[in-house]
Structure formats: C-alpha cells, structure tokens
Amino acid sequence: MIDLSGGEVSEVAFAAFYADCEHAVRPVTAGHRVCLIFNLGQTSAKKGHKAALTAPDYEPQIAQAAALLGDILGRSSGAAKVAWLLEHQYRPAGLAFSALKAADAAKARVLVEAAARADCAVHLGIVHIEESGPAEPLYSDYEPRRRGRYYDDDFEEDVGSADAGDDEFEVVEVSDSWRYVDQWIDPQDRAVPFGKIPLGEGELLPQGALDDEKADEQRLTEATGNEGASFERSYHRAAVVIWHRTRYADVLLDAGVGAALPWLKARVAAGAGEPARSPARREAAKLARRMIQVWKGPTKYIDYRATGRTADRAEMIGLLAQLGDTALLEEFVAVIVTPGYDGSENAALVAHLPLLPTAKLGELAAALVRLKMRSCPGRCVELLLGLIAERSKVARAATTDSLRPVADAIVAGLDDIEAPPPTPRSGRWQSKYLAAILEQEFPDDETGDELAPGKPGRQVDAALVANVLTALGGLNGPEAEALREIAARKIAARPIVFDPVTVVTPALGTLHQRRPRRDRARPDGAEVHLWVGSAEFLLHRSEFPPTAPSDWRQEAVLSCRCEDCRELQAFVQDPGERVHRFRVRKDRRQHLHQSIDAHDLAMTHVTERSGSPQTLVGTKDRRHYQRCCEQYRQDVAALAKLGGMADAGGTKSPALTQRIEAARARLADWSPD
C-alpha cells in the first residue's frame, strides 16, 4: 500500500512501475491524480558513447535444453510430454508466442529452438489444475465464499478480503486432482483444436512451481450430515508444452481419438499428391491404423471431466478416403461405423463408399442396415437413397446388383420396427378395435403386445414409408418391383406401427407427387396395395360414426383386487352411478389415484379436504367417447385424402371409393351427442 496523497500543493508524490504488474488503484476521494503511460525503447549508440546493449545469446541454453529434451522425451518409457509453466498470467484470447512477456518470451524462444533441434513439437496452452478434498474451516461463522481473478474483466480486487481468503480453510488432504491442457497455440500463433489433453505424473515443470501460489478460484463447502467440510480449488497457468514427434499419437490419444483427428488431417494433407509409398503417406496410414485400433479396442480410461474433442466418424471416413487406403476405409466402416451408426455418417458414406469394389460396397452397407434398421430405419433408408443417386452419377451398370443386398436388408428390417408405446390419449380405448381388425384382416401380424407400455418407440413417419418405396423404385428390374410390393404388404399389414392416418396416407400423397405427371394415371402395384390396405382399415374402424354411450358403465377390468380397487371396479361397471365417494386414509387414496390413471379410466378424481379421513371423489366423464369422435373425424379426413388419390388405387377399387364417399357424407350429416 503506497499513499500518494499530500497536503502541500508544491510537492508531488509519485510511483513508477511496469504497466503489466498486477496492481489495484484505489479511487480518488479529493484532489486529482495524473497518470503518465509511456513506452521505453533503446536507441542505437552514438559515436564516442558506450556501445548499445545487444540481445542475449542463448545458444548454450538452447543446446543444453535440446539434449535434455531428446534424452527425456525420446525414450518410449519416459514422460510423453512436458509442460513448462510461464510466470505471467495470460488470457486465452491473447495467448500467443508473439505476445509473451519478458522472461517468458526468453524461455519460450529457448524451448522452441531446442524443440526443433530435438525433433519435438512445441505448443502454448493453458494448464488447468483442479483439486478437491476434505478441509478444516478456520473461522467460526460459516458463510460460503468464492473468489476468483482469472478471465474476469469486471473483477475489482479487494485487498482486505483477498488476504482473509487465504485463511478461510486449511487443506486436510487433496483426495482428487485433475490436470489437463487446452487452448492450444502452435508456433505460428494458430489455434489448434486438440481439446483437453491430460497431464501425467511428473509432466508439469518446474516441480513445485505452484506450491506457494494462490489458487485462481477456490470454494469451501460447509459440513452437512455425515460429511465434513470440503474444498475445491483451481489454477490456470500458461505453459509451453513439448513432446517428441515420434510420440504424437501417444500424447493425443491420451485425450481420446477425437484429439488425434486434427493431427491425422495435417498428415494426410502433407502427403496429398505424393505416391502411395511415400514417407508422408506411410506416416499418415500408420497413424490412421493406430487410431482405428484404439477406436475399436477397450476404451482407455479418460477422466470423466475431460470432454475433449468429439471423435467424428464422418470426418474419419473422409480422411481415410483422401488417404486412398481402401483396406483401412473398409475396416473402419465395418468395425467402427456400423456398430455406432446414427445417420450422421450418411453424407460421408455416400461420397466415399463408391471407392470400394462394387461387391464390397453392397456387403458393408447391407451389414450396417441389418444391424441398425431397427434403431434408426429412416437413416438407413436415406443411406440407400444416397447410394443410388451417387452410383447413378457415374452411370455404373452394376448399380442395382451392388445395392440389391442393401434393399433386401431394408425390406427384411421392416419387420423389426416397433410401434411407439401408447399415450394416454391413444391406449386402451382403441386397442380392442385394433386387435379385432388385425385378427380379422391381418392374421399374420403381431397383435396386442405391441401396445405394451415400456417398449422403445422408433421413428416411424410418412417420410420413412415414402423413401422406402422411392429407394426400391430406384433399382431397376423386375426383382426391384417385387421388392416394392413385398415392402408395401409388410407396411399395410402392420397398421399399429405404420399408422394409416399419420404415416401411410401422407406417404401416399408424397409418392403421388413424386411420380411424373404422365405416370400418375397408371396405377403402381405397391401404391395400390397401400391404398387398398389403408382404405379397408379406416373404413373398418370409422365407416360409421361412433355411437354415444347410453349409460355410465365403462368396460375396464382392474388388475388389483384389493378392497378399495374392488369398490372402484364396482363403481366403474355401474351403469347408473356417476359420482362415488371413497372416504379412506391418504395412502389408500394415493393407491386409488394410481389405479385410475394406470387403467385410463374416464373419470376425474379430487380429494375433499374436510373430515378425517378425507374423501376421494370420483366423477365419470365422456372422455373416451370424445376420443372416439376425434379419431372418427381424423379417419374420415384421411379417407377423403385417399379418395383424392383415386389413381393410386381407387380406379382398381371402385367399391372402396364408393364406401369412402358414403362415409364422408355421413360425417357431414353427423354431430356428436
């Protein structure tokens, strides 16, 4: 603390210091303060004066550092890298070799030149050290406190509170520690997207550099229950990070495969245009092979806090294609892409799979579809569409032959697609109608168990159905047309999965628009089958308006047979009683709540907050009938759309067309009670 104030106007007190010193300036409460900021420079010496200072010669230090780096980092059994901490604080946005200050600039210069001589890679980065463990508070009245000075432009340091903060707690033990480097900068001051790379034991130098340093952030958590007080603190320091170029993969793969992708990209670019057996191409292929082995092998332990850089399968496909190694590309697609496929790889697969032999392309894509058609059917079909379009561009005669196994896998996979679980608005009230229809019209289909709660839902929409038939239509020959008809029959046979209202009818509209106008008058066999199947299903369910219930009886059988549920069951089946009162204690009221909701009973249930025990009041309503009315309107609207596409099936089914028109007329004359 330096007090520059004074009462004598003829005297001036001053302080001089370098502007990058960490300091805090207190506000002026009276009088004035003048700040002079200037640059210091050295001019060349004049004749007759002492010679000008010269830049220091660091050659001895560079030679010594190069020898040490080569000895320490060149051994496969030694440390993979070293991170030398710098003295000054640097913000990530301003971190650069050209922006280092004073001694840091000198150290970096020595290390960069030494690394080049020792065949090492050198980068700047921000070292993060996070520690936690048990602590002992050093004050009696606990209040959570947190202080920080790193990366905070608006922080105004309060000297008193900062000093007190050092004594807030005493560390009992550092039980958890996590060290990593990110915010990478190369010697040309370019950002490098390595992500978070962990620091191993002994890799942070100089040893003990942070022993007496204040943490940049720290927090004490008060003792609660059986747990004592604990602390968390973190340090953030800039460092020069060095590793031997022969261990590039070792260092980057410590943070996961994603961290090595930028390095592989650089190696592939370095070998672009060179012969396949050139050193640069061989180095890139060796790195790619190592990455694939790590990718498919047992997951190496990486601290859960290190998110690192995402391992992008699509990016890897593109790099392997640029490398021109079809064997590596084939292996990667088979062992990495296929098990983890989610559709994000489609563009890369479509662009680069044609590099493989024709038969191998179809084999790989078919294996992928067989494994993933159940979980992401839409993406699998889009992959086939893209491959057909890509093969058509190069006008290869083997297009249909190579992709037919993929088409076969898609058609077979239609049987594996599951229905979504029922919602409260579409569950039990219509299951009996669907089961009856399936039993009568589609005897080979699965029935009620597809509506069982808990089964995972899959993405089944109109685009899926339209794309399946479009993709199959892109394969030439009578076998392709037969596949389309098989697919159409599978779709029509499973209305619970491929809903005629929300899936099949809109898909038929899309297919109708995709067909050339000159072909719309000629019925397509697959589309006719879908049209007829949807029309029959919807007419069976909604050819006539639903009949309003004549009493309050509900067709429901409760699974629980406890005393309260038996009373509820009697109330549900009573045709005349609309309101029933259950005067029971709280746990029994909660059980009744659960039974009513679980069986989707058409009633409200509220608790009267009077008396002891309180009373649950159940009141029947017409929600099931209202849902039937809404379903009826939706079904007839879908029938109307089918009627507008008569050339897709109606010309071959005049009887169905007449029934559709009659159903539409009934809806126009109908109003629910």
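The values are calculated or read from the model by the stated rules, or taken from the named source; none is laboratory data. In this text the structure is predicted, and so the values were computed from the model without any measurement. Cβ: placed from backbone, ideal geometry, glycine included. Neighbour counts: every protein chain shown. SASA here: full protein model, heavy atoms, side chains in, ligands and nucleic acids out. Shrake-Rupley method; radii C 1.70, N 1.55, O 1.52, S 1.80 Å.
Stokes-Einstein diffusion coefficient for the stretch 482-621 at 10 °C in a medium of 1.306 mPa s, Rh from the Kirkwood formula over Cα pairs: what value in µm²/s?
It diffuses with D of about 83 µm²/s by this estimate.
In sequence order, what are the phi-derived ³J(HN,Hα) couplings for the stretch 260-273 according to the Karplus relation 6.51 cos²θ - 1.76 cosθ + 1.60 with θ = phi - 60°, rounded to whole Hz, with x for glycine and proline?
Computed from phi, the couplings for the stretch 260-273 are 7, 4, x, 5, 4, 4, 5, 5, 5, 5, 5, x, 4, x Hz.
Based on the alpha carbons, how large is the Rg to Rh ratio for the stretch 217-286 when Rh follows Kirkwood?
1.35
Report the gain in length on full extension from T326 to S278: 0.36 nm times residue separation, minus Cα-Cα distance, nm rounded to one decimal.
Between T326 and S278, full extension yields an extra 15.6 nm.
Taking θ as phi - 60°, what are the ³J(HN,Hα) couplings along the stretch 570-576 by the Karplus curve (6.51, -1.76, 1.60), each to the nearest whole Hz, with x for Gly and Pro?
After applying 6.51 cos²θ - 1.76 cosθ + 1.60, I find 5, 5, 4, 8, 6, x, x Hz.
Search the structure for amide H atoms under 5 Å from the amide H of T615, placed 1.01 Å from N in the peptide plane, and list their residues when 5 or more places away or on another chain.
When sequence neighbours closer than 5 places are left aside, the close amide H contacts are E608, S610.
Bin width 5 Å, alpha-carbon pairs only: give the P(r) of the stretch 565-651 as whole percents, running from 0 to the bin holding the largest distance.
P(r) for the stretch 565-651, in whole percents per bin: 3, 12, 18, 16, 11, 8, 6, 6, 6, 6, 4, 2, 1, 0.
Given the alpha-carbon gyration tensor of the stretch 1-125, what are the semi-axes of its equivalent ellipsoid in whole angstrom, ordered largest first, with each equal to the square root of 5 times an eigenvalue?
Result for the stretch 1-125: semi-axes of 43, 23, 11 Å.
How large is the charge dipole for the stretch 504-660, taken about the Cα centre, if only the Cβ atoms of Lys, Arg (+1) and Asp, Glu (-1) carry charge, to the nearest 20 debye?
Dipole of the stretch 504-660, to the nearest 20 debye: 420 debye.
R0 = 22 Å: FRET efficiency of S559 with Q634, Cβ-based, nearest 0.05?
Computed FRET efficiency for S559 and Q634: 0.15.
Once the Cα gyration tensor of the stretch 351-391 is diagonalised, what are the square roots of 5 times its eigenvalues, in whole Å and ordered largest first, as equivalent ellipsoid semi-axes?
18, 12, 6
Quick check: convex hull over the Cα atoms of the stretch 534-573, volume per residue in Å³, rounded to an integer?
Taking the convex hull of the Cα positions in the stretch 534-573, it is 74 Å³ per residue.
Work out, step by step, the length gained on full extension between R374 and E567: first 0.36 nm times the residue separation, then minus their alpha carbon distance; give nm to one decimal.
Additional length available on full extension: 65.1 nm.
Roughly how big is the stretch 222-266's charge dipole about its Cα centre, with Cβ charges of +1 (Lys, Arg) and -1 (Asp, Glu), in debye to the nearest 20?
460
If I model a spin label at Q590 and E136 as a point 7 Å from the Cα along the Cα→Cβ vector, what separation in nanometres do I get?
Placing both labels 7 Å along Cα→Cβ, they lie 4.5 nm apart.
Express the accessible area of the stretch 1-126 per residue in Å², computed with a 1.4 Å probe while the remaining protein chains stay in the model.
For the stretch 1-126, the per-residue accessible area is 75 Å².
Q459 to I2: extension gain in nm, 0.36 nm per residue of separation minus the Cα-Cα distance?
Extra length available between Q459 and I2 comes to 157.5 nm.
Find out how many positive minus negative residues lie around H88, taking Lys and Arg as positive, Asp and Glu as negative, among other residues whose Cβ is under 12 Å from that of H88.
0
Return the long-range amide H neighbours of A223 (sequence gap of 5 or more, or a different chain), with a cut-off of under 5 Å between placed amide H atoms.
Residues meeting the amide H criterion: A229.
Ranking request for peptides 192-199, 582-589, 657-664: highest mean number of other beta-carbon atoms within 10 Å first, then the rest in descending order.
192-199, 657-664, 582-589
Where Lys and Arg each count +1 and Asp and Glu each count -1, what net charge lies around R609 among other residues with Cβ under 15 Å from its Cβ?
+4
Using only the alpha-carbon atoms of the stretch 250-293 as identical scatterers, what base-10 log of I(q)/I(0) does the Debye formula give at q = 0.28 Å⁻¹?
Results for the stretch 250-293 at q = 0.28 Å⁻¹ read -0.95.
Of K196/K286; K81/K286; K107/K286; K107/K214, which sit over 26 Å apart, Cα to Cα?
Among K196/K286; K81/K286; K107/K286; K107/K214, the Cα-Cα distance tops 26 Å for K107/K286.
What FRET efficiency would be calculated for the residue pair K101, R33, taking the C-beta separation as r and a Förster radius of 35 Å, to the nearest 0.05?
Computed FRET efficiency for K101 and R33: 0.85.
Please list, in order along the stretch 613-623, the HN-Hα scalar couplings obtained from phi with the Karplus expression 6.51 cos²θ - 1.76 cosθ + 1.60 (θ = phi - 60°), rounded to whole Hz, x for Gly and Pro.
Karplus-based 3J(HN,Hα) across the stretch 613-623 equals x, 6, 10, 8, 10, x, 10, 5, 9, 9, 4 Hz.
What per residue convex hull volume, in Å³, do the alpha-carbon atoms of the stretch 232-354 yield?
It comes to 135 Å³ per residue, whole-number rounded.
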